[in-house]
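Please find one structure pasted underneath; my questions will follow.
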Amino acid sequence: MKITLSKDKIESEGIALIERISGEDLKQCYQCGNCSGGCPVSLEMEITPSQMIRQLQLGNIEGVEEANTMWLCLGCQQCYSRCPKSVSAAKILEALRQLHLRKGEDHAEIAEMDMPLLKRGPQQAMVSAFRKFVS
Amino acid sequence: MPRIGVFVCQCGNNIESTVDTQKVADELKEMPGVAYTCSYKFMCSSPGQEMFKNAIKDNDLDGVIVSACSPHMHEKTFRKASEAAGLNPYKCEVANIREQCSWVHHDETKKVGTVKSLDLTRMMLERLKRNKPLKATSIPVTKKALVIGGGISGIQAALDIADGGVEVVLVEREPSIGGNMARLSETFPTMDCSQCILTPKMVEADLHENIKILTYAEVEKVDGYIGNFTITINKKAKYVDESTCTGCGECWEKCPFKADSEFELGLNKRKVIYTPFPQSVPNIPVIDAPKCPKIQKDKCGLCAKVCGPGSIDFTQKDEIVTEHVGAIIVATGFELMPNEHFGEYGYGKIKDVVSGLQFERLASSSGPTGGKIERPSDGKTPESIVFIQCAGSRDEAKGVSYCSKICCMYTAKHTMLYKHKVHEGKSYVFYMDIRAGGKRYEEFVRKAIEDDGAMYLRGRVSRVYEKNGKIMVQGVDTLSNGQQVEIEADMVVLATALISRKGADSFAQKLGIGYDKDKFYSEYHPKLKPVETVTAGIYLSGTCVGPMDIPESVSMGSAAASKALGLFSSDKMAREPITADVNKTTCNACWDCVTACPYTAIAKTEVKDREGNIVQMLAEVNVGLCQGCGVCVAACRSKSIDLAGYTDEQVYAAINAF
Amino acid sequence: MKIPYYPGCTLNTVAKPFDESAKASAITLGFELEELSEWNCCGAGFPLTNDNIMGLAAPTKVLANARAAGETVTTLCSVCYNVLKRTNKALNDDKERKATINEFMELEYDGSLNIVHYLEILRDTVGFDKVKEAVKRPLTGIKVGAYYGCMLLRPGGEVGIDNAEAPTIIEDLLSALGCEPVDFPDKIECCGAHLAMGKTDVVERLSGKIMTSAIESGAEVIVTSCPLCQYNLDKSQEKIKSSDAGFKTVPVVYFTQLLGLALGQSEDETSLKDNQWDIRPLLAERGV
Ligand SMILES: Cc1cc2nc3c(=O)[nH]c(=O)nc-3n(C[C@H](O)[C@H](O)[C@H](O)COP(=O)(O)OP(=O)(O)OC[C@H]3O[C@@H](n4cnc5c(N)ncnc54)[C@H](O)[C@@H]3O)c2cc1C
Ligand code: SF4
Ligand code: SF4
Ligand code: SF4
Ligand code: SF4
């Protein structure tokens, strides 16, 4: 797939918004890939964390929006704790989730969740999942 | 009435774009005492200077102001030209209307810039009217150099100075000179054996009639100033008489006690009486006192029994020696970030995770394995080795923001050495960028990949752990979609960051030189004065300045040597006459100036009568030491000190003219 | 000595064994966990957004109530510990943010609370040597893998209970109890966390890898300090077993259950029967 680069895209408002929500400066990432190397779910991700940041550096928000990456991130902080540049991929992924959730686009329906699980499972899992998946 | 000339420079458009220089010249012309003014395109150009000299002569000027760039740039130029025109150089002053005026004001109507230039020039005029002609002084130069650090860079500097006919004292803290280069196996990009090219230089230094090598010694104190330093050196007790020891080796053969070898970086043992490596220079052993049972508990003493010439002396003490030198070259080198800093790579606890320097020892024919690549844990030949570049380098989270510059190259070298020694072996290299900017360097790296089959993976390693006797390396290859990759390796080599030596900062303070945030020593100017420091007479060489390879370290050694030889080329050195002077009639001996002076240039002196009775105490400035900083002037409460060229009278006149 | 204690939502319900065994052990060791009279859920995750500070409101309320009860508060759940500690730091690092949050608080919070994990009390206040002295039933020879997961450790600079890459605090406790701690490479990896709510296949793969790593390193039991880790590891095993016949199941218990047992609580008191993979046959087999 070809990506057409332009200043407008690279410095778009959408990118600025992601930087604002996450508090991260995308430019600081120098694409070493350590985050993808250590992320426990990167094997399951359609786009690994460092590649996701790269797409955003190019201004390609659409390119990452449909990927499962943001919904798989566990918030385990492995990426951040080993990043040589102290960039938090976790925060950037949270920002991507927020772009959906703040528009009211939920990722999960509570009603569709497994009832026995809701009853037996630890509350913290529910609270945490709701905060990540539901607006 | 003085006859002063004012030359206003346009500096092309640099000044002219915001300053009406003609107007400045015209208005100054009307001031009392001004005999000549002009505006000129480039005062510093040859025609500009010619015009300047002619104007002085033709108009019979007795003082000149050049309103132009910062005096840092061209004060010297114009003072020289003034002198050529028969004027005392200290009757020439430069008013800075560029850096402090035209460059900071962007008013295109030129109003602000012109007014300010006028002010600056008028102030200078009033000051200049009170300038006295001064005469440059000169101080004698001690023609002898001190080189601190006997790595390749320090050795090169010492050899060049010595070949130039000047005596050198080379101080090395280890028992042998050679530094880190002595540890290397073969060297990029030519792959010559490190020992083979280094040891001849070590021996040459040892035998050179102009070089005195003090090993196991450290500089304790530096006093004095350029041309006249006094150095206090502590020679640690070796417990061996250097004048009689023949280096036969009987003692270390027979010594029954062992300790970890510093030189082998923990990969091997040495005896308690030892030389760091076989080709040590000088080839004289030292006793590791804290580990020697004879010295600690009066047990053993075997070495003394076997020593033919009776050179062992258990009672030897540290010795303080003093040297007088005219110049100092600092070549104290580097160390590597310790393996223990890498939690994610096993904290230095996984035995087969080694540093690049440790790998050099494993690959070196004089190393602990005789040059066979063997794993430290069990001596097996590794079937695969993972090399991790930028380990700690470019890693702000670990406190190192810079690139260590040499590890891309030596890692490529390591893969070649491995391939040449273990034909079946497979090497993997994790890198972030390849920085191979030197002559034939890029070709060298390509050779590692194309001829020797090193698998280069672009990405960092997240973690290294042990599993079933293998070392698991989990990282990423960002060139294949950011895939996580895992390698089961037998050994891991970390290209650990090259860092400044522990204590580099306190040593710099001892010398009075600057250092940066990473504690590498600061050049006076990174481009134009790369071997000078802010302290005149102290020069820098090699990796104590920052990461560099052998060719660069050697070049810098030669460059520092040429600076020192330049200094030694005449018997005396000219000094600026801008020095402090104490008014004997008003000094009340409070000694505030003595405490204030950062160069210890002020002494307490006694004034005696004819019978020799002390009648008065006075502060007196040593003009050799005085740097003209003016701190004492500010400190003196009775206003008894004035700085030549910057007298209170001159300064107040300038201020009042504003 | 009474120490204000914040249980958090899960310890009050499904993780009751964690809570009870810890409380009982505290008494034996000379201190008392005094539950805060008023508390709410911490939010079960430190907010990762920078622009929305409301995520900090819930944990700040917890901190404010805890501060009213004393200078120190302790928790058991790794997540609560993580959230409270990071919130406290976030508030203290940014005075403006603290002021804004406080505008929403009934009870103002000044940032001066000391948040310690129960493990830290054992290590720093009681001392593992004292714990060792109090052991009545040494769990000699039981090989235990300490599973830390992420929340107890990361980010290292903000949580700081122990070295984030190579922690030993749980192992040190286990040694005091007479167990044989087993180090395993994946002890600081993530179990799959909230993906339990929908992506159980991912959780099974992650938890399975962790357990395999522990078992291959010789662990017979895994201990944790997080109800979610306990849940994920516990619940995944059945599925893993059905797809991988070679998989050996392993009991996953809270560290306080082993602590309680060693200090003399009965197997019932420590609720060992509630764990899906029973540890009791192993204890019986070893005669401890
Ligand atoms: C793993 C590895 C492989 C390398 N391979 C190559 C290669 O193949 N090719 C290449 O060109 N370069 C290579 N290099 C780089 C090379 O090692 C350095 O460029 C070179 O050794 C620098 O020499 P130096 O004299 O500046 O410093 P050093 O070798 O560190 O020497 C400094 C000396 O000063 C002494 N000293 C320190 N402080 C004091 C003090 N206060 N008082 C007295 N003495 C003191 C030290 O004991 C030491 O002897 C490699 C480096 C590493 C780490
Ligand atoms: S670890 Fe940090 S610098 Fe490296 S790719 Fe990930 S976010 Fe970028
Ligand atoms: S926080 Fe998310 S992106 Fe980062 S390592 Fe954990 S799961 Fe991966
Ligand atoms: S035995 Fe004596 S002469 Fe020989 S190396 Fe040792 S000290 Fe020197
Ligand atoms: S030289 Fe190469 S390996 Fe070394 S820090 Fe620089 S980029 Fe990294």
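Grab the DSSP H runs of chain B that are 4 residues or longer, score each as -39,500 (n - 2.57), total them, divide by all residues and round the 222 nm result to the nearest 500 deg cm²/dmol.
On the way: 17 runs with 176 residues, N = 658.
For chain B, the value works out to -8000 deg cm²/dmol.
While we're looking at this one, here's another question. Distance in nm between label sites at B:GLU576 and C:GLU133, each 7 Å beyond Cα in the beta-carbon direction?
Placing both labels 7 Å beyond Cα along the Cβ direction yields 7.1 nm.
Charges on Cβ only, +1 for Lys and Arg, -1 for Asp and Glu, centred on the Cα centroid of chain C; of C:VAL202, C:ALA166, C:PHE31, which one is farthest towards the dipole's positive end?
The residue sitting most towards the positive pole is C:VAL202.
Counting Lys and Arg as +1 and Asp and Glu as -1, each charge on the Cβ, what is the dipole of the stretch B:609-658 about the Cα centre in debye, to the nearest 20? Write down the numbers at each step before the final one.
Details: 3 positive and 6 negative charges, 29 e Å.
Roughly 140 debye, rounded to the nearest 20.
Right, here's the next one. Ignoring everything but the protein chains, give the 1.4 Å probe accessible area of B:VAL615 in square angstrom, nearest 10.
90
Next question. Report the accessible area of A:GLU11, computed with a 1.4 Å probe over the heavy atoms of all protein chains in place, in Å² rounded to the nearest 10.
Taking all protein chains as shown, A:GLU11 has close to 120 Å².
Further question: What number comes out for accessible area per residue over the stretch B:580-656 if the probe is 1.4 Å? Units Å², please. If you can, show how the numbers build up before the last one.
On the way: 4680 Å² over 77 residues.
That works out to 61 Å² per residue.
Here's something else I'd like to know. Among B:MET51, B:CYS196, B:LEU498, flag the residue with its Cα farthest along the positive direction of the charge dipole of the protein assembly as shown, charges on Cβ as +1 for Lys/Arg and -1 for Asp/Glu.
B:MET51
Moving on. Expressed as a rounded percentage, what relative contact order does chain A have, with Cα pairs under 8 Å and six or more residues apart?
Working: 147 pairs, mean separation 34.1, N = 135.
Relative contact order for chain A comes out at 25 percent.
Another one. Counting only the backbone N, which residues of the stretch C:43-85 are under 13 Å from the spot 7 Å out from the Cα of C:ASN102 toward its beta-carbon?
C:64
Further question on the same structure: Tell me the net charge near B:SER102. Cut-off is 12 Å between Cβ atoms, B:SER102 excluded, with +1 for each Lys or Arg and -1 for each Asp or Glu.
Values: positive: B:ARG98, B:LYS110, B:LYS116; negative: B:GLU16, B:ASP20, B:GLU99, B:ASP107, B:GLU108.
Result for the neighbourhood of B:SER102: -2.
Which net charge results for the neighbourhood of B:ASP505, defined as the other residues with beta-carbon distances under 11 angstrom from its beta-carbon, given Lys and Arg at +1 and Asp and Glu at -1?
Net of charged neighbours comes to +3.
Just going by the charge dipole of the protein assembly as shown, with Lys and Arg at +1 and Asp and Glu at -1 on Cβ, which of C:THR13, B:VAL354, C:THR74 is farthest out on the positive end?
Comparing the listed Cα positions along the dipole, B:VAL354 ranks first.
For C:176-189, what's the mean count of beta carbons from other chains sitting within 10 Å of each residue's beta carbon? Present the calculation step by step, with values, prior to reporting the outcome.
Values: counts 0, 0, 0, 0, 0, 0, 0, 2, 2, 7, 3, 0, 5, 5.
Per-residue shielding by partner chains comes out at 2.
What is the magnitude of the charge dipole of the stretch B:419-509 about its Cα centre, with +1 placed on the Cβ of each Lys and Arg, -1 on the Cβ of each Asp and Glu, and no other charges, expressed in debye to the nearest 20? Walk me through the numbers before you get to the answer.
Values: 15 positive and 13 negative charges, 62 e Å.
The calculation lands at about 300 debye.
Of all DSSP beta bridges in the stretch B:340-462, what percent run antiparallel (nearest 5)?
Values: 1 of 10 bridges.
Of the beta bridges lying entirely in the stretch B:340-462, close to 10 percent run antiparallel.
So how strong a dipole does the stretch C:2-118 carry about its Cα centre when Lys and Arg Cβ are +1 and Asp and Glu Cβ are -1, to the nearest 20 debye? Present the calculation step by step, with values, prior to reporting the outcome.
Working: 11 positive and 15 negative charges, 59 e Å.
It comes to approximately 280 debye.
Also: Net charge near B:GLN156: determine it from the other residues with C-beta under 12 Å of the C-beta of B:GLN156, scoring Lys and Arg +1 and Asp and Glu -1.
Values: positive: B:LYS201; negative: B:ASP160, B:ASP163, B:GLU204, B:GLU552.
Net charge in that neighbourhood comes out at -3.
The values are calculated or read from the model by the stated rules, or taken from the named source; none is laboratory data. What you see is a predicted model; the values in this text were computed from it and never measured. When we count neighbours, we look across all protein chains shown, and the Cβ atoms used for this are built from the backbone with ideal geometry, even at glycine. Just so you know, the surface numbers come from the protein's heavy atoms only, side chains and all, with ligands and any DNA or RNA stripped out. Shrake-Rupley method; radii C 1.70, N 1.55, O 1.52, S 1.80 Å.
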